[in-house]
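Just so you know, all these numbers are worked out from the coordinates, no wet-lab data involved. Not measured: the values here are computed from a predicted model. All Cβ positions, even for glycine, are placed from backbone atoms using ideal geometry, and neighbour counts span all protein chains on display.
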Amino acid sequence: MGNFMIFRRSLLPVLALATGTIAPMSALAQGAPSQTQIDGQSDQQSAQIPPQFRADAERAMRYALPADFMPRAVSTISELQGRNIQPPNSQGLGLQEMITRTSQVPGFPDVLRSHGFTPETFIIGMTTFGMTLAASNGQVPAGMPSPNPTNVALFKAHPDQVNALMQAMGNPPH
């Protein structure tokens, strides 16, 4: 049970916050205006977002999740947990560095491959999932792009899958 809890604690930040994306977004968003307030206003808060973070966030927000992403991600996380494969620490890493580190963890790429992922598609997908979830909860700071409309539609069409993935990550829905 102890290993499972350690895995859950490390999995959530690595997978949902693959590039450290959601934490800075949430911190910035706490005082950020809503999207409707942003329109027509200056972009002073976006100037505070580091360029690499902005590029990674834009990449994730543009990415279209495959229709079967969430069920495959749940199965992948379950298998990683079952095999006690620990993801690398993602603290402060850019998206590409996280993808590289993930591909170097013994067994991780094999599990991903068995569920139809590559390290890149899994990490960008999990980052996109987390950012879309944050955006749907109003946690997008000024100057950040809106989520891909396809992903928003996917979330609305399959709230049960969103909840299942959140639970698999150790972050039950509220």
How do the pairs read when you match residues in the stretch 99-121 that are more than 16 Å from Phe69 (Cβ to Cβ) with residues anywhere that are not in a helix (DSSP H, G or I), using Cβ under 6 Å and keeping only pairs 6 or more apart or on different chains?
-> Arg101/Pro88; Val105/Pro88; Gly107/Ile85; Phe108/Ile85
Only one of these conditions is not met by Gly125: (1) in contact (Cβ under 8 Å) with a residue 60 or more places away in the chain; (2) more than 13 Å from the chain's Cα centre (by Cα). Which number is it?
-> (2)
Select the helices (runs of 4 or more DSSP H) contained entirely in the stretch 63-133, then report the ones holding at least 2 residues which are surrounded by fewer than 16 Cβ atoms within 10 Å (Cβ to Cβ) and in contact with a Pro (Cβ under 6 Å, 6 or more places away or on another chain).
-> none
Just one of the numbered conditions (1) within 17 Å of Asp56 (Cβ to Cβ); (2) in contact (Cβ under 8 Å) with a residue 24 or more places away in the chain; (3) among the β-branched types (Val, Ile, Thr) is not true of Ile77; which one?
-> (1)
First in the stretch 152-172 and polar (S, T, N, Q), second anywhere and in a loop (DSSP other than H, G, I, E, B) and surrounded by 19 or more Cβ atoms within 10 Å (Cβ to Cβ), Cβ under 9 Å, 6 or more apart | none
